[in-house]
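> This is the structure I have questions about; it appears just below.
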Amino acid sequence: MLDLGRLRVLRELKLRGTLAAVADSLGYTPSAVSQQLAQLQRDIGVPVVERAGRRCG
């Protein structure tokens, strides 16, 4: 079952662009935002965001 809170996190990511910005706006930690998005992906069975790793150097 889809959780409206997870959809809200996805909407905020679209608006704000980064996990840190979403976390600030919703009062979560970036880790909690990431976990919410991962669970949303599991719930619907398809990737919902394209993840780009951090660059070194």
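The values are calculated or read from the model by the stated rules, or taken from the named source; none is laboratory data. Keep in mind it's a predicted model, so treat the numbers as computed, not measured. Here the Cβ is made from the backbone with ideal geometry for all residues, glycine too, and neighbour counts use every protein chain on show. We work out accessible area using only protein heavy atoms, side chains counted, and drop any ligands, DNA or RNA first. Shrake-Rupley method; radii C 1.70, N 1.55, O 1.52, S 1.80 Å.
> Out of the total accessible area of the chain (probe 1.4 Å, heavy atoms of protein only), what percent is carbon and sulfur? Display every interim value, and only then the final one.
Values: 2300 of 4440 Å².
Ligands and nucleic acids excluded, carbon and sulfur give 52 percent.
> Moving to a separate point now. Over the C-alpha atoms of the chain, what are the Rg and the largest Cα-to-Cα span, Dmax, in Å?
Gyration radius and largest Cα-Cα distance of the chain: 11.4, 42 Å.
> If you don't mind, there's one more thing I want to ask. Determine the gain in length on full extension of the stretch Arg11-Thr29; use 0.36 nm per residue of separation and subtract their C-alpha separation, reporting nm with one decimal. Could you put the intermediate results ahead of the total?
Numbers: separation 18, 0.36 × 18 = 6.48 nm, distance 1.65 nm.
So the extension gain works out to 4.8 nm.
> Given a 1.4 Å probe, how much area per residue of the chain is accessible, in Å²? If you can, show how the numbers build up before the last one.
Working: 4440 Å² over 57 residues.
For the chain, the per-residue accessible area is 78 Å².
> Continuing with this model, one more query. Within the chain, which DSSP H helices have Cα atoms that stretch 20 Å or more along the helix axis and a mean Kyte-Doolittle hydropathy of at least -1.0? Could the numbers behind the result be given before it?
Working: long enough: 30-44 (21 Å, -0.35).
Both cut-offs are met by 30-44.
> Please give the FRET efficiency for Ala38 paired with Leu4, using the beta carbon to beta carbon distance and R0 = 25 Å, rounded to the nearest 0.05. Could you put the intermediate results ahead of the total?
Values: r = 17 Å, r/R0 = 0.68.
Once rounded, the FRET efficiency stands at 0.90.
> In addition: Please return the longest range in the chain lying between exposed loop sites, taking trypsin sites (Lys or Arg not before Pro), DSSP loop only, at most 10 other beta-carbon atoms within 10 Å, and leaving the sites out. Write down the numbers at each step before the final one.
Values: sites that count: Arg51, Arg54, Arg55.
It works out to 1-50.
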